[in-house]
Amino acid sequence: MKIGELAERSGLSAHTIRYYERIGLLPFADRDRSGHRDYDVSILTWIEFLDRLKTTGMPIRDMLRYAALREQGDGTQTGRRELLEAHREEVRSRLAELNACLLVLDAKIDGYADEEQRMKDHDTGYRERRRNPVGTRQEGARQYRR
């Protein structure tokens, strides 16, 4: 598949694909007779994995380290697993922090909802009081003399 199709299917720009190839995140593509890059469809799985690492905040240097270990083959499985385990712990820590922030946001939003309900309750009472014509008295109201 040509770089344009890979870009379309992967969601990366052609520039990003070339950059990833240049720094070693992607293996160098085969070239066709015209000298254009010709990617195997299997690279989409690798790109999707890299996107997951990027989305979860893995630094490019760690992604490069993982890619280098992957390129070296089966003897590096322990190193790759350890790298992913360390990253998983960082992701879990950030998730806990984000969940704590989410609780604060929920409380703030609930506060606004409570305030809106109080305002609605207050306004409703005010409007109902205003419906009585001026000069009418409620039963049991005290009369004042001037």
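For the range 17-125, the Stokes-Einstein estimate of translational diffusion at 20 °C and a viscosity of 1.002 mPa s comes to 120 µm²/s, using the Kirkwood hydrodynamic radius over alpha-carbon pairs.
Within the range 1-68, the chymotrypsin sites (Phe, Trp or Tyr not before Pro) that combine a DSSP coil assignment with at most 15 other C-beta atoms in a 10 angstrom radius are PHE28.
Rounded to the nearest 0.05, what FRET efficiency do VAL104 and ARG52 have when you use their Cβ-Cβ distance and R0 = 41 Å?
Details: r = 28 Å, r/R0 = 0.67.
Once rounded, the FRET efficiency stands at 0.90.
In sequence order, the range 58-66 has phi-based couplings of 5, x, 4, 4, 6, 4, 5, 4, 4 Hz under the Karplus curve 6.51 cos²θ - 1.76 cosθ + 1.60, θ = phi - 60°, and Gly or Pro positions carry x. The Cα center of the range 26-54 and the Cα center of the range 63-105 differ in position by 23 Å.
Here, each number is a calculation from the coordinates, and none is a lab measurement. Keep in mind the model is a prediction, meaning the values are calculated, not measured. Positions of Cβ are backbone-derived with ideal geometry, glycine not excepted, and every protein chain shown enters the neighbour counts.
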